[in-house]
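Take a look at the structure below.
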Amino acid sequence: VYYQFVKAVTGMGDACRKFNTPVTGGNVSFYNQNPDGPVYPTPTIGMVGIVDDVHAKMTLDFKNEGDLIILIGTQQNDIASSEYLHKLKKVEFSPAPHFDLDEEYTVQQLIASLIKEKKINSAHDISEGGLAITLLESGFHCNLGFAVQANTAIRKDAFWFGEAQSRVVVSCGNHQLADIEAAAQKAGVAVTVLGKVTAGNIEVNGESWGSIEVWKNLYDTAIEKLIK
C-alpha cells in the first residue's frame, strides 16, 4: 500500500508542477484496516481557488434548449478502471484509464480560454461513470434532456462508460461552434459535436430513453434503494 501511495502522490506532484498549483499541506493515514484488509490507497485532494472575475465562472449544467452538445478531447477505446467495469463486470483491478499530462494541460487551457471568452454555456469533465453520467448530470439542474449520436468507431461500452481523461462536455449556441472549432484546431484538440440539448426528453441514436426527470429520480434515490 505504501508503494502505491508513493506512486500516486508522485503523479499528483507532477500534475501540480505542470499546472503551477501550490500545495499547502497534507495528511496521510495508513491505519484504516478492516477485517477484509487495508483500505485502498486513495489520495483525495481538497482545493480552493480565487476567481478574479465572477462573470467568468462556469457551471456544469445545460442552460438552453437547442444548444449544441460538444465533446472537447479525444475519444478512446478504453474502459479501464471504470465504474462500469467494476460494478457491472465485477473486474476489481485493471490498468489506470488513459491519461497524458501534456494532453490534459492543453485541454484545460483551451477550456479556460473558451470560458473567459464566453464561447460556451456549460462545461462538465468526464469522470466517474463516463460520458453517459456526464450528460445526465449536465441535464439534471434545469431538467433539460439531450439528443445525441454515438460514435460507432468506438466500442459501445467505452463510448458511454469509459473514463479516459482529458475530455470535457460543453454546450454552446449554434453561432459559437465555428469559434470553438477554430480555437480547438489551433490548440490541437479534437472536437466532436454529439448532439443538442432538448426540453427534457433523452434520445440516443434516434431512440427515446425517457425523460430527464425519471433518470434524475433514479440517480438521487440510488443509495436510498441500496440500504433499504
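Considering only G130, V148, L177, and ranking their Cα positions along the charge dipole of the chain that arises from unit charges at the beta-carbon of Lys, Arg, Asp and Glu, the one farthest toward the positive end is G130. Here, region 1-78 is characterised by an Rg to Rh ratio of 1.10, where Rg is the alpha-carbon radius of gyration and Rh the Kirkwood radius.
Using the rule -39500 (n - 2.57) for each DSSP H run of four or more residues, divided by the residues of the chain, the 222 nm mean residue ellipticity is -10000 deg cm²/dmol. Amide H contacts of L194 (H built 1.01 Å from N, in plane; Pro and chain starts excluded): I69, I70, L71 sit under 5 Å, all sequence-distant by 5 or more or on other chains.
Computed from the C-alpha gyration tensor, the three semi-axes of the ellipsoid equivalent to region 147-228 are 29, 17, 14 Å, from longest to shortest. Indicate the helices, whole DSSP H runs only, in the chain that combine a mean Kyte-Doolittle hydropathy of 0.0 or more with a Cα extent along their long axis of 18 angstrom or more. Counting only whole DSSP H runs, the qualifying helices are 101-116.
Distance between the modelled labels on T152 and N77, one decimal in nanometres: 1.6 nm (7 Å Cα→Cβ projection). Along the charge dipole of the chain, pointing to its positive end and built from +1/-1 on Cβ of Lys, Arg, Asp and Glu, which listed residue (V197, L218, S113) has its Cα farthest out? Most positive-ward Cα: L218. The Cα-based radius of gyration and maximum Cα-Cα distance (Dmax) for region 37-126 are 17.0, 51 Å. Taken over the alpha carbons of the chain as equal point scatterers, the Debye sum produces base-10 log I(q)/I(0) values at 0.15, 0.18 Å⁻¹ of -1.18, -1.50.
Quick note: the coordinates plus some simple rules give every number you see, no bench work behind them. Bear in mind that the values here come from a model prediction, so they are computed numbers and not experimental data. In this analysis, Cβ positions are derived from the backbone assuming ideal geometry, glycine residues included, and neighbour counts consider all displayed protein chains.
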